[in-house]
Every structure is written in structure tokens, then in C-alpha cells.
Amino acid sequence: SDVATARSVQVAGTSSNFFLSSSSELVAVVPAGARTGNVSIETTAGRTESSFPFNVTGAISVGPSIVDFGRVVGGQVGEPKTVAIRNLGSRPLKINSLTPSTSDFQLASSLMLPLTIAPSESIEVAVRFQPSSTGKVDGSLRVVSDDPILPNLNIALTGQVGDFALRLVAPQQGLKLRAGDSFVIQWQAESSDITEFELRLSSDSGRTFATQIASGLTSSTRSFIWTVPSVKTKTARVAIIAKTQSGTVFVDQSRGDFRIKTKK
């Protein structure tokens with residue numbers, strides 16, 4: 001049956017809350033106390049029942065099991081996709097950490113961890129695909145909880161990346177700069193749709209880019225003379241952000257950390 005037209009779901013003979021995670025995947029919340037039984041779904045085509053009973057092996061459930069971001073242009077910042085984490089048990093579930101396996105996938109949700117999910121409740125976690133290389137990119141989101149049976153779960157993440165429309169040339173990994181020095185930030189851009197550029201600085205290996213270097217740079221600009229700030233860090237990176245007429249945003253950053261020293 002087509003689950004996209006589902007009207008009701010019963011789990012072990014009890015009506016269950018449910019939602020669609022995709023046009024072909026339905027997620028139902030196991031009723032409190034249920035440990036085994038069949039699943040039946042009523043759709044516009046009628047009612048169908050599972051051939052085998054389910055068995056509850058843990059309180060935590062995540063879905064979808066694979067998040068596919070499809071194909072993006074290199075440097076393009078795509079829309080986040082969500083992952084649902086559900087508590088199918090009868091006791092509160094504590095989520096201790098959510099960790100992407102590579103920097104190509106980043107959390108787009110502002111969640112205060114650890115957090116607790118009440119029984120039969122769920123949360124949604126937004127993940128953004130922001131790749132630094134071309135080709136097929138695979139990774140995972142590791143979910144660590146206090147579930148007694150499944151304390152560690154990995155959600156598969158994947159995407160395809162075409163040629164980069166924006167590329168930061170300098171600064172790159174291993175560079176050593178001193179506060180007050182002048183440095184030429186350089187980049188390449190291929191899209192004719194770009195309207196302006198912005199430059200930002202990170203001091204935490206690219207996790208955040210809190211410091212603005214320059215904004216409103218014209219579409220023909222490909223370099224900027226930067227006066228290095230008085231920020232002592234071994235984990236600096238620069239990001240170039242391109243805004244377009246169509247609303248698409250492209251981002252690229254230093255491939256690794258560089259160092260900024262303060263003057264004595």
C-alpha cells in the first residue's frame with residue numbers, strides 16, 4: 001500500500017501516533033508498554049498488516065536511517081534536512097551528544113545538550129550539507145544516549161558534489177600570521193549570478209565564523225587586503241560567502257587551520 005495516504009496505524013492492536021518521514025516511509029510511535037505485535041496501516045487503498053510481529057529492542061528510535069542530500073554545486077549552502085529522534089520507551093530518554101563524523105555535515109539546530117525526550121515524544125535535528133570537496137561524500141551523525149540497549153546510533157549521511165562555483169585560494173592550512181600584518185585574501189568565483197561577497201573569520205576550526213572581516217564586496221572583486229586582528233589562535237580559518245540574485249548562497253573556507261600570533 002501507499003503509506004503516503006495513511007489514515008491510521010495500529011501497533012499491537014493499539015492506535016499509534018505516526019508521521020511520514022518520506023513518501024515511502026512512515027514512522028509510528030510504539031505505545032507505552034508494548035514489546036511485540038503486528039503493525040497494521042489503513043490507507044486509501046485499504047488496510048494491510050505486517051507479515052511478522054515487531055520486537056522492541058530499545059527505547060530510542062531514529063529516522064530516516066539514511067539522509068540523502070542529493071547533488072549540490074560545490075560551495076553551495078543547501079537547505080537543511082531533518083532527522084527525528086524518538087523515545088519509544090516508558091521512561092525519559094537522555095540524549096548526551098550529536099556528532100557529525102566530518103565537517104562536510106554540520107548541525108543546523110541550536111540544541112542545548114544534554115537534553116531529555118519524554119516517553120512517546122520526539123525531537124527533530126536539522127543537518128546541513130556543506131562539502132569541502134567534489135564527488136560523493138559519505139558521513140554519519142552519531143547519537144549518544146542513555147538507552148540501555150542502543151546507547152550509540154549512527155545515521156548515514158550522503159551527498160553528491162559538482163564543481164565548485166566558489167573557491168577560497170588563501171589563506172590556507174599551515175600559514176602563520178602576526179597581528180597587525182597585511183595579508184591578501186584571495187578567492188575564485190565562476191557564477192555570473194553573484195551580486196556580492198562577504199569575508200568572515202573563525203577562531204575555532206570553522207565551527208563558527210563570528211568575526212566579520214568585510215562585507216558588500218562587489219561581484220568583480222577577487223581579493224581583499226586584510227589587516228590581521230589581534231586574536232591569538234592556532235585554529236583560525238577564513239570563509240568567503242557569495243550571495244546571488246536568485247537567492248542561492250555559496251560558501252567556501254580555508255582547508256585547514258592557520259595560526260595568528262599577537263605582537264609582543
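The values are calculated or read from the model by the stated rules, or taken from the named source; none is laboratory data. Predicted, not measured: the structure shown is a model, and the values here were computed from it. Every residue, glycine as well, gets a Cβ built from its backbone with ideal geometry; the counts of neighbours run over all protein chains shown.
Quick notes on this one:
- Test: residue in the stretch 86-104 that is in contact with a Ser or Thr (Cβ under 8 Å, 6 or more places away or on another chain), farther than 22 Å from Ile149 by Cβ and not hydroxyl-bearing (Ser, Thr, Tyr): yes
- The residue of the stretch 12-49 that is modelled with the highest pLDDT, among those that are in a strand (DSSP E or B), of a type in the set (S, T, N, Q) and within 23 Å of Glu121 (Cα to Cα), is Ser40.
- Figure legend. Inter-residue proximity from the stretch 89-112: first residues among the basic types (Lys, Arg), second residues crowded, with 17+ Cβ neighbours inside 10 Å and in a strand (DSSP E or B), beta-carbon distance below 9 Å, spacing 6+ or different chains. Indicated pairs: Lys94/Ile117; Lys94/Ser145.
- Yes/no for Ile260 being surrounded by 18 or more Cβ atoms within 10 Å (Cβ to Cβ) and either farther than 13 Å from Leu199 by Cβ or free of Cβ contacts under 8 Å to residues at least 24 places away in the same chain (or both): yes
- Considering the stretch 50-87, and only residues there that are aliphatic (A, V, I, L, M) and modelled with pLDDT under 80, the residue that is surrounded by the most Cβ atoms within 10 Å (Cβ to Cβ) turns out to be Ala59.
- Residue in the stretch 120-142 that is closer than 30 Å to Pro92 by Cβ, among the β-branched types (Val, Ile, Thr), crowded, with 17+ Cβ neighbours inside 10 Å and free of Cβ contacts under 8 Å to residues at least 40 places away in the same chain present: yes
- The one condition in (1) more than 30 Å from Lys263 (Cβ to Cβ); (2) surrounded by 15 or more Cβ atoms within 10 Å (Cβ to Cβ) that Leu175 fails to fulfil: (1)
- Among the strands (runs of 3 or more DSSP E) confined to the stretch 179-259, the ones with at least 3 residues that are at pLDDT 95 or above are located at 182-189, 194-202, 211-218, 223-227, 233-244.
The rows are residues; the columns are (1) in a strand (DSSP E or B); (2) under 30 Å from Ser230 (Cα atoms); (3) out of contact with any Gly (no Cβ under 7 Å at 6 or more places or on another chain).
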position: Glu124; (1), (2), (3): yes, no, yes
position: Val127; (1), (2), (3): yes, no, yes
position: Ser133; (1), (2), (3): no, no, yes
position: Val137; (1), (2), (3): yes, no, no
position: Ser140; (1), (2), (3): yes, no, yes
position: Val143; (1), (2), (3): yes, no, yes
position: Ala156; (1), (2), (3): yes, no, yes
position: Gly162; (1), (2), (3): yes, no, no
position: Gln173; (1), (2), (3): no, yes, no
